[in-house]
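The values are calculated or read from the model by the stated rules, or taken from the named source; none is laboratory data. Small disclaimer: the values here were computed from a predicted structure and weren't measured. Because the Cβ atoms are built from the backbone with ideal geometry, glycine has one as well, and the counts that use them run over all protein chains shown.
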Amino acid sequence: MTGQIGAPAERLLTPPVVRDRDALAAARDRLPGPVAVVMTMGALHAGHAALLRQARARAASVIATIFVNPLQFAPTEDLDRYPRTLKADLEICVREQVDLVFAPTAAVMYPAGPPQVRVQPGPRGEILEGAFRPGFFGGVLTVVSKLLHLTAPDVTFFGEKDYQQLMMVRQLVTDLSMDIEVVGVPIVREPDGLALSSRNAYLSPRERRSGLALSAALRAGVAASGQGPVAVLAAATAVLAAESTVDVDYCELTDPSLGPPPAKGPARLLIAAKVGATRLIDNTALKLGR
Ligand code: PAF
């Protein structure tokens, strides 16, 4: 049963779920601050739960948004088959003590169809994911801007699993003068190293085993980090190359803000690869040199 707006959340089986802007505005007005928002496309897993838990620890009220944003999917991508699991998602929201769920339809978010005015991600949106998924960050930042505008949070939480997305959202709030704190939350992994992702649901058992090459490559890169950037990339690419079913889009080393990697000091190693029809991404922080 879906909760009612305004009824005390603890007595309900789910948090109140609102589906349109007016209901959201009315429910948002009643939430005590500070307010945190965690944006998701649903198919929630322990990675999302970690975001919600951090939000719960930081804010008086937590809003979760659940919206599979068509704007960030290319026509060749998996919009139609993206997992939609609202009932299970709401159970996680209950467990993580979410106060309000905003689960709009595409018609609510884009009443006149695809918007003509969109956020331009700039040069950092054209590398890595942006190079392989043209239009992706324009779609992400446009919906993130709208959701920030509609939910009016004090703080928002994004996973480091989508590290470039986290960087882009930070850039968005800075460049568009939004007075909102953006908190990054570490990646949650399966015991064998696989980074949690809603898209893991697509993997066959055999593909899942192949997908472990990404986290293994990151570990190899970290192990070689004392020897500098060339050694890191050599170690990581050797692990990926040994797994013939993994089709690598990129394996790149950057500084923590996604600029060119330093010879020494903090850096980020990022990998994207297709395993069968499923595209996986993963990354890690590391420290180059001794
Ligand atoms: O990371 C995601 O799930 C999506 O890109 C986001 C931030 C919810 C925007 O649709």
For residues that are within 15 Å of the ligand (Cβ to nearest atom) and part of a helix (DSSP H, G or I), scanning just the stretch 55-85, find the one that is surrounded by the fewest Cβ atoms within 10 Å (Cβ to Cβ). Pro70
Please go through the stretch 234-257 and give me each residue that is surrounded by fewer than 17 Cβ atoms within 10 Å (Cβ to Cβ), in contact with a helix residue (DSSP H, G or I) (Cβ under 8 Å, 6 or more places away or on another chain) and touching a residue at least 24 places away in the same chain (Cβ under 8 Å), ordered by number. Ala242, Thr245, Tyr250, Ser257
Would you mind telling me which numbered condition in (1) assigned to a helix (DSSP H, G or I); (2) over 29 Å from Pro256 (Cα atoms) Gly138 fails? (2)
Among the residues of the stretch 25-37, is there at least one that is assigned to a helix (DSSP H, G or I), away from the ligand (no atom under 14 Å from the Cβ) and closer than 18 Å to Phe157 by Cβ? yes
Restricting the first residue to the stretch 10-39 and requiring it to be farther than 19 Å from Asp179 by Cβ and among the hydroxyl-bearing types (Ser, Thr, Tyr), which pairs with a second residue that is more than 16 Å from the ligand (Cβ to nearest atom) and in a strand (DSSP E or B) meet a Cβ separation below 8 Å and a spacing of at least six or different chains? Thr14/Gly3
Report whether or not Arg58 is closer than 22 Å to His149 by Cβ and either β-branched (Val, Ile, Thr) or without any contact (Cβ under 8 Å) to a residue 40 or more places away in the chain (or both). no
Hey, can you tell me all the residues within the stretch 130-145 that are surrounded by fewer than 20 Cβ atoms within 10 Å (Cβ to Cβ) and within 21 Å of Ala55 (Cα to Cα)? Ser145
Pairs, please: C-beta under 9 Å, at least 6 apart or cross-chain, first residue without any contact (Cβ under 8 Å) to a residue 24 or more places away in the chain and in the stretch 178-191, second among the aromatic types (Phe, Trp, Tyr) and outside any loop (DSSP other than H, G, I, E, B)? none
Determine which single condition Ile92 fails, assuming it passes every other condition in (1) within 13 Å of the ligand (Cβ to nearest atom); (2) assigned to a helix (DSSP H, G or I). (1)
May I ask you to list pairs of residues, at least six apart or on different chains, whose Cβ atoms are under 8 Å apart, with the first in the stretch 193-211 being closer than 13 Å to Lys161 by Cα and modelled with pLDDT of 95 or more and the second being within 16 Å of the ligand (Cβ to nearest atom) and part of a helix (DSSP H, G or I)? Leu194/Asn200; Ala195/Gly47; Ala195/Lys161; Leu196/Ala46; Leu196/Gly47; Leu196/Lys161; Ser197/Gly47; Ser197/Lys161
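If the requirement is being among the aliphatic types (A, V, I, L, M) and touching a Cys at 6+ places or on another chain (Cβ under 7 Å), which of these qualifies: Ala103, Ala64? Quick ask: steps written out before the conclusion?
Numbers: Ala103 fails: touching a Cys at 6+ places or on another chain (Cβ under 7 Å).
Answer to the selection: Ala64.
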Qualifying position, being among the polar types (S, T, N, Q) and touching a residue at least 24 places away in the same chain (Cβ under 8 Å), among Thr174, Thr151: Thr151
Scan the stretch 94-120 for residues that are more than 19 Å from Ala26 (Cβ to Cβ) and among the hydrophobic types (A, V, I, L, M, F, W, C) and report the count. 6
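What tally of residues in the stretch 96-116 results from selecting those that are touching a helix residue (DSSP H, G or I) at 6+ places or on another chain (Cβ under 7 Å) and not in a loop (DSSP other than H, G, I, E, B)?
So in the stretch 96-116, the residues touching a helix residue (DSSP H, G or I) at 6+ places or on another chain (Cβ under 7 Å) come out as 96-103, 106, 108-109, 114-115.
Filter again for not in a loop (DSSP other than H, G, I, E, B), leaving 100-102, 106, 108-109.
Residues meeting the conditions: 6.
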So, in the stretch 143-155, how many residues would count as being more than 9 Å from the ligand (Cβ to nearest atom) and part of a helix (DSSP H, G or I)? 6
